[in-house]
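What follows is one structure encoded as structure tokens, with my remarks underneath.
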Amino acid sequence: MTLERRLPAAPEAASEARRLVDKLDPPLPPDLSDNLRLLISEVVTNAVRHGPNGSDDRIRVRLDATDERVRVDVLDAGEGFVRHGRAGAADLQGGWGLFLVEQLSSRWGVEVEPTTHVWFEIDVSERDRRSADDELRRSEEHLRLALAAGGMGTWEWTIDAGVVRWSESLELIHGLEPGTFRGTFEAYKSDMHPEDRDEVVRKLETAVKEHTDYAAEYRIILPNGVMRWINARARLLFDRSDRPVRLVGVCADVTADKEAAQRLIAQHAVARILAESETLDEATPRILAAIGESLGWELGTVYFVDRRSWVLRCAGTWAAIPERAPSFLQATRDFAPVTGLGLPGRVWEERRTVWIDDVTKDDNFPRATAAARDDLHSAVAFPILLGPEVLGVLEFFSHDLREPDEELLRMMSTIGNQIGQFVERKRVEAVVRESEARKSAILQSAQDAIVSMDADGLVVDFNPAAEEMFGYREPDVVGSELASLLIPPADRDRHRSSLARYLETGQSSILGRRVELLALRADGQELPVEVTVTRVDDPGQMLFTAYIRDISDRRRVEQMRAQLLANERAARAEAESANERLSFLADASVALASSLNYRRTLSKLTKLAVPRVADWCTIEIVEPNGSVQSIEVTHSDPDKIATAKEFRLRYPPDPSEPGGIYEVIRTSRSIVYPEITDEMLESGTRDREQLDLARSLGLRSAMIVPLIARGRSMGAITFASAESGRRFGDADLEFAEDLARRASLAIDNARLYEERSHIARTLQRSLLPPELPEVPGIELAALYQPAAVERNEVGGDFYDVFEIREGEWAIAIGDVCGKGVEAAALTGFARHTLRAVAVHQRGPSAVLSTMSEAMRREDGERFSTVAFALLESRADGARLTVACGGHPLPLVLRRDGHAETIGVPGTLLGIFEEVELEDRSIELEPGDTVVFFTDGLIDSRRSHPLGERGLLDFVRTCAGLDAHGTAERFLEAVADPHSEAPDDVAIVVVRVRP
Amino acid sequence: MVSISGEFDISAAMDVEQQIRPIEDQVPVLVVDLRAVSFLDSSALRLVVELDANARTRGRRLVLVRGPEEVHRVFRITRLDHQLEFVDHPTDLARPTRRDP
């Protein structure tokens, strides 16, 4: 029966088209007619949305039903179902309409000439595409048997007769029923992969012609479409006249080994790409190519999550031969799935690697038609995971049929995690870089001359104030020896030997002190300066930084003073107070430069100011969140301090009131009250109580000076006089402002430094595994303590605990030598490499040996020490096998209190071509504990060093503690907040549950 | 709560959208009752998904009351039954059935 209508191109057309379905006679079964109604609605809706919809425009709908199928044709004058780059919501509708037609119809198509014509057909008697194929199942069974039997088969080729005989096992390897091999050379060739065929035939012919043995590796395609790798060898047999008569050979199925080797190559390639890349955009195309090429997948795609519209968007594709898959590449680029839709949507939703045997037969694969057209079948996809969050999805497709492989899936999950961690690392690195940029901005803007020098005595930093002071330009001095440029010839040797002595003994007569000396300008003039030198290290580099003040003025003032002393008393008093101020400034500058803990610094400052300069000194700082905090209040009488604090607490200054702290901070201008009268107190206080309290402070005169760094107000210092009766004047204000300038600089530097320490520690922490896995029957604890607070270097310690396969766990702990970002990157590489290698190598010493080689290739200048252990669960207890590469031996504490070390020291890793490593195993019983640690624990420079004997004694005191308790006990033993802890410490404790 | 009855296709979607837009942001939970819907196609899907995305980004919820089988089937085929929140009855609001992505 055929029904046809011409409907107006308006929304109502959809429901009119649906009514047509009801008119079919005989009516269709209900399921079919529901599908038909839905699809007709989709196709007509599509015509309404994308076609012309003027009042005269018509949509032609034709419904034709036979016994076999129902067909619908819809014609309009616009564009068809295929979207042409329309953005936004239109995409989604096009996406689902298309999807539904694809899913529910038996066939569909679009023609664009002369007008847009969309059609679909639904077969009335639908066969289930997935009904069991008995024959297929049986041959798969045979294949499994063959593999179980060792996967080797034999064959014989009688050359003249051209007859080939196969053993039963070889037939099974090729997926044939025993006895069905046709016995010809052609038949043998026909199973081979088309790309390998010519090469194999050439090798056979060469063997026969040149009387040599034959060896080849090639792929075959089984009857069910699956691909396998074969390794074949054969010998020639000769007759009495030395003519080759027969080739006798053996074939082995080496698919597993081949794939394992490919996986290792892929993983190393990915690890290298991540180490070399700056951004994820740079890395992903290379990763797609690396995985595709090494594992033989012909197409790779990557999607990232679009957070605004909450879909995945394709960010790139890779194809071994793009011409072989044009439709699929196009379909993929347009594909923007929501959660759960299609392969990427499924991976996104389920957060795990997904495998599809044949995408053309999958019921949730919208690109199936395009895949079929380009002959793509097997697919695997995995998420880029950062913790629980999916950042993106990678997919790979093959023209061949493949079988899912646990190892491959595991590898892909690992890579997904590696990429996620790479993203995290880059984020942290960006933060560090930004702070480095800010630091150099500080150097540029500081008003004091700042010159820094490395351990070789070469100039590293030279700020603009130094350029002016010495008359050199920065590019001309950086990298040259400081002594030969800035120090007069007579004093140079003394400078050099003093540096050498410091490097050797750690002793210096200059560090942390203010020293007066003569410096040399570029024009040869000598310049009296006052210098304060501190050691402020950059990552990976020892640096000495000098704050230099031109004191020729001061010298002159001193001379003037001597002059004036001979004159009048008033003049003398003036000179004295000027000198006093200058020397105070000098002391203050030393105090400011001596510590990078800015609170300690400011505290010293106020204690210096009182009572030399004022009776009261308070400092207020603007916190990062914008609030103003009082951080220091000083007076020579502690009781008065308490009163002042109470005053401030009960009557906090009003931000809107003029003349106080807030105004100074807001305007960046000082305010002086030469005399504080009682009237001022009265008008400034709210009630009698406040007035009395204010009076009791006895304030006579005050100055509030802003702290400014880089053009911004950071806070204010208030100087007030009380008991001394001083009155502050212009000279005092000038001096206070000078002091405030220096203090601001110190505070800003110190804050930056603290931030960097924090960043460095964050970087370090990001390299540690966030949580320990759950291991049945085993308690795990891990603790880490970075090197002391004053340092902002990143240590190279790491640890890791992960599952290798069911019932087998890996525990790793290590130390990459050196500090700083490069060492940190290598630490990350070490950890990831261990994870990758552990899955493939059996036995800890094999794992460490492979890892050492990988690290040697990566950065042969840095060595590492690692202790690596394999923990296998047993019925009651566990077996631990340990190998150490230059690392302190782990400690074992038995339940009965006996303690020993386990393992053999072994060679350092990452620098030698040959390493000596040995596995040692022990059986662990319930209640036994094993402690892994890094050498920060036993470092003799700590104030409580623990040697090996000390360690064994110490671990015995942990008897009866659980894993966490033991770890904490160890950490406490070496905790010493005041010592200069030179190295960081990591501890991992493993205990079999009692 | 918005109840939709009859056929939820392109025409109905346009009407529903006009009615819902003004009140969309005013309630923390928007309930759309599909129990009286007799037909539903991708025009409806598109609208519902957009409402759901808006709700998520603004910290609200969209809850759909499940319609008859021939209607819910369309959500199942397109896997949207996993992404959107469905309940059997409007009073079941306290117990969401959807997993967070």
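Considered as a group, the residues in the range B:1-18 that are away from every other protein chain (no Cβ under 11 Å), outside any helix (DSSP H, G or I) and not β-branched (Val, Ile, Thr) include one that is farthest from A:LEU36 (Cα to Cα), and that residue is B:MET1. Is it true that some residue in the range A:226-238 is more than 18 Å from A:SER167 (Cβ to Cβ), open to solvent by less than 30 Å² (accessible area, probe 1.4 Å) and under 51 Å from the mean Cα position of the chain (by Cα)? Within the range A:226-238 (the criterion being more than 18 Å from A:SER167 (Cβ to Cβ), open to solvent by less than 30 Å² (accessible area, probe 1.4 Å) and under 51 Å from the mean Cα position of the chain (by Cα)), the answer is yes, since at least one residue qualifies. Just one residue in the set A:LEU3, A:LEU7 is of a type in the set (A, V, I, L, M, F, W, C), part of a strand (DSSP E or B) and either away from chain B (no Cβ under 14 Å) or in contact with a Cys (Cβ under 7 Å, 6 or more places away or on another chain) (or both); that residue is A:LEU3. Quick check, is A:THR534 open to solvent by less than 50 Å² (accessible area, probe 1.4 Å), outside any loop (DSSP other than H, G, I, E, B) and in contact with a Gly (Cβ under 7 Å, 6 or more places away or on another chain)? Taking the combined requirement at face value, the residue satisfies it.
Among residues of the range A:168-184 that are touching a residue at least 40 places away in the same chain (Cβ under 8 Å), those with a beta-carbon under 8 Å from a residue that is surrounded by 14 or more Cβ atoms within 10 Å (Cβ to Cβ) and polar (S, T, N, Q) at least six positions away or on a different chain give the pairs A:LEU170/A:THR154; A:GLY175/A:SER139; A:GLY175/A:ASN224; A:LEU176/A:SER139.
Of the strands (runs of 3 or more DSSP E) contained entirely in the range A:649-725, those carrying at least 1 residues that are over 56 Å from the mean Cα position of the chain (by Cα) fall at A:701-709. Taken together, B:ARG21, B:ARG56, B:ARG35, B:ARG73 contain a single residue that is away from chain A (no Cβ under 11 Å) and farther than 22 Å from A:PRO11 by Cα, which is B:ARG35. Scan the range B:59-70 for residues that are within 14 Å of chain A (Cβ to nearest Cβ) and part of a strand (DSSP E or B) and the total you get is 1.
With respect to (1) open to solvent by 60 Å² or more (accessible area, probe 1.4 Å); (2) in contact with a helix residue (DSSP H, G or I) (Cβ under 6 Å, 6 or more places away or on another chain); (3) modelled with pLDDT under 90, the lone exception for A:ARG286 is condition (3).
Of A:ASP405, A:ASP374, all but one fail to be touching a residue at least 40 places away in the same chain (Cβ under 8 Å), open to solvent by less than 20 Å² (accessible area, probe 1.4 Å) and out of contact with any strand residue (DSSP E or B) (no Cβ under 6 Å at 6 or more places or on another chain); the exception is A:ASP374. Residues in the range A:464-484 that are closer than 18 Å to A:LEU543 by Cα and open to solvent by less than 30 Å² (accessible area, probe 1.4 Å): A:ALA466, A:VAL477, A:LEU482, A:ALA483. Would you mind stating whether B:ARG46 is open to solvent by 20 Å² or more (accessible area, probe 1.4 Å), within 12 Å of the chain's Cα centre (by Cα) and within 14 Å of another protein chain (Cβ to nearest Cβ)? Considered against the rule, which asks whether it is open to solvent by 20 Å² or more (accessible area, probe 1.4 Å), within 12 Å of the chain's Cα centre (by Cα) and within 14 Å of another protein chain (Cβ to nearest Cβ), B:ARG46 comes out as yes. When A:GLU217, A:GLU210 are screened for being closer than 30 Å to A:SER413 by Cα and charged (D, E, K, R), only A:GLU217 passes. Restricting attention to the range B:76-88, the residues that are at pLDDT 80 or above, outside any helix (DSSP H, G or I) and either within 14 Å of chain A (Cβ to nearest Cβ) or within 22 Å of B:ILE23 (Cα to Cα) (or both) total 4. Selection of first residues in the range A:834-852 that are within 11 Å of A:LEU264 (Cα to Cα) and touching a residue at least 24 places away in the same chain (Cβ under 8 Å) and of second residues that are among the basic types (Lys, Arg) and open to solvent by 40 Å² or more (accessible area, probe 1.4 Å), restricted to Cβ pairs under 8 Å at least 6 apart or on distinct chains, gives the following pairs, ordered by first then second residue: A:VAL839/A:ARG410; A:VAL839/A:ARG805.
Please verify whether A:GLU16 is at the interface with chain B (Cβ under 10 Å from one of its Cβ atoms) and assigned to a helix (DSSP H, G or I), treating the condition exactly as stated. In short, no. If only residues of the range A:240-257 that are touching a Lys or Arg at 6+ places or on another chain (Cβ under 9 Å) and not in a strand (DSSP E or B) are counted, the one that is surrounded by the fewest Cβ atoms within 10 Å (Cβ to Cβ) is A:VAL254.
Residue by residue, here is whether (1) touching a Leu at 6+ places or on another chain (Cβ under 9 Å); (2) in a helix (DSSP H, G or I) holds:
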| residue | (1), (2) |
| --- | --- |
| A:ASP196 | no, yes |
| A:VAL200 | no, yes |
| A:LEU204 | yes, yes |
| A:VAL208 | yes, yes |
| A:ALA215 | no, no |
| A:ILE220 | no, no |
| A:ASN224 | yes, no |
| A:TRP229 | no, no |
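Of the numbered criteria (1) of a type in the set (Asp, Glu); (2) within 23 Å of the chain's Cα centre (by Cα); (3) away from chain B (no Cβ under 14 Å), the one A:ASP306 fails is (3).
You will find that of A:ILE661, A:ILE676, A:ILE708, the residue that is surrounded by 16 or more Cβ atoms within 10 Å (Cβ to Cβ) and touching a helix residue (DSSP H, G or I) at 6+ places or on another chain (Cβ under 7 Å) is A:ILE708 and no other. Being closer than 23 Å to B:ILE77 by Cβ, at pLDDT below 85 and open to solvent by less than 30 Å² (accessible area, probe 1.4 Å) is not true of A:LEU63. Among the residues of the range A:66-78, those identified as among the aliphatic types (A, V, I, L, M) and either surrounded by fewer than 21 Cβ atoms within 10 Å (Cβ to Cβ) or modelled with pLDDT under 90 (or both) are A:LEU75, A:ALA77. Remark: B:LEU51 falls outside the filter, which requires a residue to be more than 11 Å from chain A (Cβ to nearest Cβ), part of a strand (DSSP E or B) and surrounded by 14 or more Cβ atoms within 10 Å (Cβ to Cβ). When we screen A:LEU386, A:LEU341, A:LEU394, A:LEU329 for residues that are within 14 Å of chain B (Cβ to nearest Cβ) and crowded, with 17+ Cβ neighbours inside 10 Å, the only hit is A:LEU341.
Just one of the listed residues (A:ALA830, A:ALA812) is open to solvent by less than 20 Å² (accessible area, probe 1.4 Å) and either modelled with pLDDT under 85 or among the acidic types (Asp, Glu) (or both), and it is A:ALA830. Of the residues contained in the range B:89-96, one or more are found to be away from chain A (no Cβ under 14 Å), touching a residue at least 40 places away in the same chain (Cβ under 8 Å), surrounded by fewer than 21 Cβ atoms within 10 Å (Cβ to Cβ) and not aromatic (Phe, Trp, Tyr).
The values are calculated or read from the model by the stated rules, or taken from the named source; none is laboratory data. What you see is a predicted model, and the numbers here were worked out from it, not measured in a lab. Quick reminder, even Gly has a Cβ in these numbers, built from the backbone with ideal geometry, and neighbours come from all protein chains shown. When the accessible area is computed, the model is the full protein with side chains, heavy atoms only, and any ligands, DNA or RNA have been set aside. Shrake-Rupley method; radii C 1.70, N 1.55, O 1.52, S 1.80 Å.
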